[in-house]
Amino acid sequence: MMAKRSPLVIGAGPAGLTAALQLIKGGVTPQIVEASANVGGLARTPADGDWRVDAGGHRFFTQNEAVSDMWRALLPTDQWTVVPRRSAMLIAGQFVRYPLRGRDLLVQCGVRNGLRGLGSLMWARMSTGPRVSNDLTSFRDWGTYQFGRRWYETFFDGYVRKTWLTEPSEIASDWANQRIKPIDWRPRPDVSLDTTDVFRYPRRGPGQLWEAAADALKAAGAAPVLGAEVVKAQFDGKGWTVTLRDGRTVRGDAVFSSMPLQNLIQALDPAPPQHIRGIASRLRHRGLITVAVALRTRYDIPFNWVYTPGPEFGCGRIQNYGRWSAGLAPAGWNGTHLGFEYFVDGVSGLWDADDNEMIRHVSADLHAIGCGGSEIEHIMVTHSQYAYPVHDASRERSVQRIRDHLAANYPALYPMGRNGTHHYDNQDHAMLSAMHSVEKYFGADIDPWQANTNRRYHESGLING
Ligand SMILES: Cc1cc2nc3c(=O)[nH]c(=O)nc-3n(C[C@H](O)[C@H](O)[C@H](O)COP(=O)(O)OP(=O)(O)OC[C@H]3O[C@@H](n4cnc5c(N)ncnc54)[C@H](O)[C@@H]3O)c2cc1C
């Protein structure tokens, strides 16, 4: 009976590939359809000759053994590097280390500014009380409580505006406890000696891991079909038929979907009622354009990431790829390889800019960071339309209503992953929701939508081995 099962997996990103690997482990061979020409989804690594681009700067970090085991099983130890986490915010020409340290805040930006910031933090704590850090509230309220108004405005307000292209008061704070570390007040004279804040990284970028996953699937007879965009998913009471953009159809007993939740709702046949389609159509995303620039001159930037919240920068963050892995550039190359991140509305503005226009934006940002004088050796531009599922005030309730409707009306449909559940997840949680979906398919009493609901899960520490 098991041999007749033939589930369909939509998307060959981390969630889709994980679901497929788990299905094979359970004795079932899935069919995987992927809209783009690559595997890896947002964590792909596009290449041009020996140049490789990580569109987001993907730290491999998890507190989950099953995820960690899968990463280890897919890539041999010598294909991983261990990278010290070094990030900073570039504020008024100065690199301020992030996560923020009390000592830097009090001294680096001037003692007077430091004392003002401290006063502002004390005022925020006294006037608000501890309630706000736990309640679902706006990002602005959360940030003001965590950092005081002054430091919140200096470090976070501009970045969040750039990332989400909206007022921080319009953004929910439910993701922030996981993503943004509090101020570290421990008196450590030299944090560069801290060896615990490190992460793993595949030598040739995150896509190397997902290409290895696709190879493993191919060897098991389940190679992902690329260039296969699902436009319709039909349930006829017995099973599922998905229709691809080119008209081909694929049939299966279940659907594991990592396509954006609102697109899945549009694709369903029979169509959900108008009110569910309406809710789904209001789920929003932010897009991302990453411009990777290789400069002939070697600049010593001692950070992997530099956040650029100020208006003098068009980008919101800069990756320093040389500090991630030498394998992202040709062997022996000795210049500076940077990735500029531009957050965009996926349907307007910069989204339509051609490469020449993006190069003009990057040139301005190169001047702003002090690297304007160098000759450019190589440029790559990558677009990610569904980079960030927006967490606005209505997201939680909207997703719940969609989830309940799907559970009641579409048997054997498993939305999973970051965009599949419209939840601002990293790879590990996207993978976990895929693993839980497969467990449910095999009969476990588990709710895959709860894979990332621990607000206290913090992205620090590491990774076993
Ligand atoms: C800027 C940035 C930085 C990040 N940094 C980190 C980090 O440091 N660490 C970390 O762990 N994670 C990080 N992430 C998150 C990580 O990229 C995601 O959590 C992960 O890629 C989600 O996997 P997924 O499979 O759920 O979704 P995706 O990666 O979005 O994959 C979904 C796949 O489905 C395909 N698809 C969509 N629609 C269809 C359709 N209709 N038919 C067929 N296929 C379809 C897409 O083409 C895509 O390949 C970052 C993300 C961004 C944007």
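Structural remarks
- In the stretch 47-101, residue farthest from the ligand (Cβ to nearest atom) [restricted to those that are hydrophobic (A, V, I, L, M, F, W, C) and assigned to a helix (DSSP H, G or I)]: ALA73
- Check on LEU21, farther than 23 Å from LEU338 by Cα, outside the structural domain of THR249 (by TED's automatic domain parsing), part of a helix (DSSP H, G or I) and in contact with a helix residue (DSSP H, G or I) (Cβ under 9 Å, 6 or more places away or on another chain): no
- Going through (1) in the same structural domain as ASP253 (by TED's automatic domain parsing); (2) within 16 Å of the ligand (Cβ to nearest atom) one by one, VAL28 falls short only on (2).
- Filtering the stretch 138-161 for residues that are touching a residue at least 60 places away in the same chain (Cβ under 8 Å) and aliphatic (A, V, I, L, M) leaves an empty set.
- Exclusive hit being at pLDDT 90 or above and either among the acidic types (Asp, Glu) or at positive phi (or both), set ASP104, ASP135: ASP104
- Among all positions in the stretch 386-397, there is at least one residue which is under 30 Å from SER173 (Cβ atoms), assigned to a strand (DSSP E or B) and away from the ligand (no atom under 14 Å from the Cβ).
Matching residues to (1) within 30 Å of ASP78 (Cα to Cα); (2) buried (at least 20 other Cβ atoms within 10 Å of the Cβ):
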position: ALA292; (1), (2): yes, yes
position: THR308; (1), (2): no, yes
position: ILE376; (1), (2): no, no
position: MET380; (1), (2): yes, no
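- Among residues of the stretch 232-262 being of a type in the set (S, T, N, Q) and surrounded by fewer than 21 Cβ atoms within 10 Å (Cβ to Cβ), the one that is nearest to the ligand (Cβ to nearest atom) is THR243.
- Yes/no for ALA15 being within 12 Å of the ligand (Cβ to nearest atom) and either aromatic (Phe, Trp, Tyr) or in contact with a strand residue (DSSP E or B) (Cβ under 9 Å, 6 or more places away or on another chain) (or both): yes
- Residue that is surrounded by the fewest Cβ atoms within 10 Å (Cβ to Cβ), among those in the stretch 216-228 that are within 13 Å of VAL39 (Cα to Cα) and in contact (Cβ under 8 Å) with a residue 12 or more places away in the chain: GLY227
- Any hit, the stretch 274-293, residues being part of a loop (DSSP other than H, G, I, E, B) and over 26 Å from LEU350 (Cα atoms): no
- Identity of the residue in the stretch 275-291, charged (D, E, K, R) and away from the ligand (no atom under 14 Å from the Cβ), that ends up nearest to GLY316 (Cα to Cα): ARG284
- Assessment of the stretch 179-187 against the conditions (under 23 Å from LEU90 (Cβ atoms), surrounded by 15 or more Cβ atoms within 10 Å (Cβ to Cβ) and at pLDDT below 80) yields no matching residue.
The values are calculated or read from the model by the stated rules, or taken from the named source; none is laboratory data. Everything numeric in this text was worked out from a predicted model, so none of it was measured. Neighbour counts are summed over all protein chains in view; Cβ atoms, including those assigned to glycine, are modelled from backbone coordinates with ideal geometry.
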